[in-house]
1. Name the pairs whose Cβ atoms lie under 6 Å apart, with the first residue in the stretch 156-171 and acidic (Asp, Glu), the second modelled with pLDDT of 95 or more, and 6 or more positions between them or separate chains?
2. I'm trying to understand the selection: among the residues of the stretch 123-140, which are closer than 28 Å to residue 247 by Cβ and open to solvent by less than 80 Å² (accessible area, probe 1.4 Å)?
3. Please state which one of 48, 80 is within 25 Å of the chain's Cα centre (by Cα), closer than 21 Å to residue 147 by Cα and in contact (Cβ under 8 Å) with a residue 40 or more places away in the chain.
4. Conditions first: (1) in a loop (DSSP other than H, G, I, E, B); (2) open to solvent by 30 Å² or more (accessible area, probe 1.4 Å); (3) farther than 25 Å from residue 469 by Cβ. Residue 94 passes all but one, so which condition is the exception?
5. Could you tell me which of the residues 185, 229 is modelled with pLDDT of 95 or more and in contact with a Leu (Cβ under 6 Å, 6 or more places away or on another chain)?
6. Which of the residues spanning the stretch 401-422 are more than 19 Å from residue 280 (Cβ to Cβ), in contact with a strand residue (DSSP E or B) (Cβ under 6 Å, 6 or more places away or on another chain) and open to solvent by less than 20 Å² (accessible area, probe 1.4 Å)?
7. Does residue 430 count as open to solvent by less than 50 Å² (accessible area, probe 1.4 Å) and under 15 Å from the mean Cα position of the chain (by Cα)?
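The values are calculated or read from the model by the stated rules, or taken from the named source; none is laboratory data. Just so it is clear, the structure is predicted and the values come from calculations on it, not from any experiment. Cβ placement follows ideal geometry from the backbone for every residue including glycine, while neighbour counts extend to all protein chains displayed. Just the protein is used for accessible areas: all its heavy atoms, side chains included, with ligands, DNA and RNA removed. Shrake-Rupley method; radii C 1.70, N 1.55, O 1.52, S 1.80 Å.
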Amino acid sequence: MFLDAAQWQDKIFIGGSWQAGSGGSADVIEPATGVSLGRIGRAGVDDLARAAENAAEAQREWAATPHPVRAAVLRRAGQLWAEHADDIAWWNIREVGAVPGMAGFAVHTAEQECYEAATLPGRSYGEVIPSEQPRLSLATRGPVGVVGVISPFNVPIILGIRSVAPALALGNAVILKPDPRTAVTGGVTIARIFEEAGLPPGVLQMLPGGADVGEALVTHPLVRVISFTGSTPVGRHIGELAGRHLKRAHLELGGNSALIVLDDADLDAAVNLAAWGAFFHQGQICMTTGRHLVHERLYDDFVERLAAKARQLTAGDPAGGQAALGPIIDAGQLDKIHKLVVDSVDQGARLATGGTYENLFYSATVLADVTPDTPAFAREIFGPVAPVARFSSLDEAVKLATATEYGLSLGIVTRDVMKGLELAQRIPTGIVHINDQTVNDEANAPFGGVGASGTGSRFGGAMANIEAFTETRWITMRGQAPTYPF
């Protein structure tokens, strides 16, 4: 097997080898059953320091490697995702709780991320700029050095590889710290892909660890850029810490994305979009449709049909291949979801369906008659809950859509696409989908949010990746040295 546990059991990945971490090891728990799938090594702060020094040394030679060689490593990585898709998807289902369709999508996207990154080494990294003086004046871009990538539990493959692949392609070394809860899927898998693809030892390090390791990664002087995907509170802390150490932090944070259903929408289509946007992957996606804003003419029918669809969606062990919803990642996250539902009902929301759970399986839930003051409307839920609010005018829809600190994704359902585009211009978000729901991702498309959702589109697409993982330098050249007054 590609992810043979005998290789990584109780190990972390430093300097191109699998070795014990100073933080010991921990069980890899399957959330659907509570069963241990193995044990993964845990890094300590001293491991991070060792990895940073090793990465900085390896990066110099990697950056000097001819660009076709770097591109070939990335292309081979893309091929390996496809070759080992079944093995990788199995871990995604078991360790993360992804349903098979989601697991397959993650592998496909990782493959495409590597192929997109493979185009970066051969691109132009600068320009000739005019100068007042008789000299050649250049603005060039080069690798930053060592990049720290901190990835989350929910979609660990995609949210790790979309930073790791372009950073490597552009000549950087990477230290990857996956969430310890999904360290095999989000860490071991990526390390094994590049190990097999021929990446030189030390250019990629993989260190599962706790908050202390993450903080050490952000503050270490050899790590010049941090790429973090996770919650807004943690992102704020990382941004502050990185700023204190005068380094860039690219932050992709939480969301509370709205789906606006206008009065001319096809109701069946709108309900289908709403269900997918709210319940796909148990709602554990930053782009999940967290607020459903429906014109009053369609509101009652929309709630009734969405609730009926939600009741048809079964939550269960995704390894069986029949469940529409898998487990919530752990009991702590489930408790947060259920408290938001209970508090919302206590404050006047109507429970149209759901609101129940068994073990870590939370039922698809629809809350009607919500307002901006309803807890499930105001906060990111990160669970399979669809709060539905009504509006009577476009101005009211804009007011509801912007009644949040987040600005990640927006969906608008209407038969008049120009009206939808005009409405989108009034609502600040990083992503807009007209006649689609809020959860979409493609490797060649810019990705990021505004406000509390992060620092803009620093992921996806060549322009964003080159800006994120390179530094700009001014270089001039003269045939003869000038003479100055003294």
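1. Taking only residues 6 or more apart or on different chains, not a single pair turns up.
2. 125, 126, 129, 137, 138, 139, 140
3. Of the residues listed, the single one that is within 25 Å of the chain's Cα centre (by Cα), closer than 21 Å to residue 147 by Cα and in contact (Cβ under 8 Å) with a residue 40 or more places away in the chain is 48.
4. Only one criterion is unmet by residue 94, namely (1).
5. 229
6. Within the stretch 401-422, 401, 407, 420 qualify.
7. Spelling it out, residue 430 is indeed open to solvent by less than 50 Å² (accessible area, probe 1.4 Å) and under 15 Å from the mean Cα position of the chain (by Cα).
Okay, residues lined up against (1) among the β-branched types (Val, Ile, Thr); (2) more than 19 Å from residue 71 (Cα to Cα); (3) at pLDDT 95 or above:
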{"site": "93", "(1), (2), (3)": "yes, yes, yes"}
{"site": "100", "(1), (2), (3)": "no, yes, yes"}
{"site": "106", "(1), (2), (3)": "no, yes, yes"}
{"site": "113", "(1), (2), (3)": "no, no, yes"}
{"site": "124", "(1), (2), (3)": "no, no, no"}
{"site": "132", "(1), (2), (3)": "no, yes, yes"}
{"site": "135", "(1), (2), (3)": "no, yes, yes"}
{"site": "138", "(1), (2), (3)": "no, yes, yes"}
{"site": "144", "(1), (2), (3)": "yes, no, yes"}
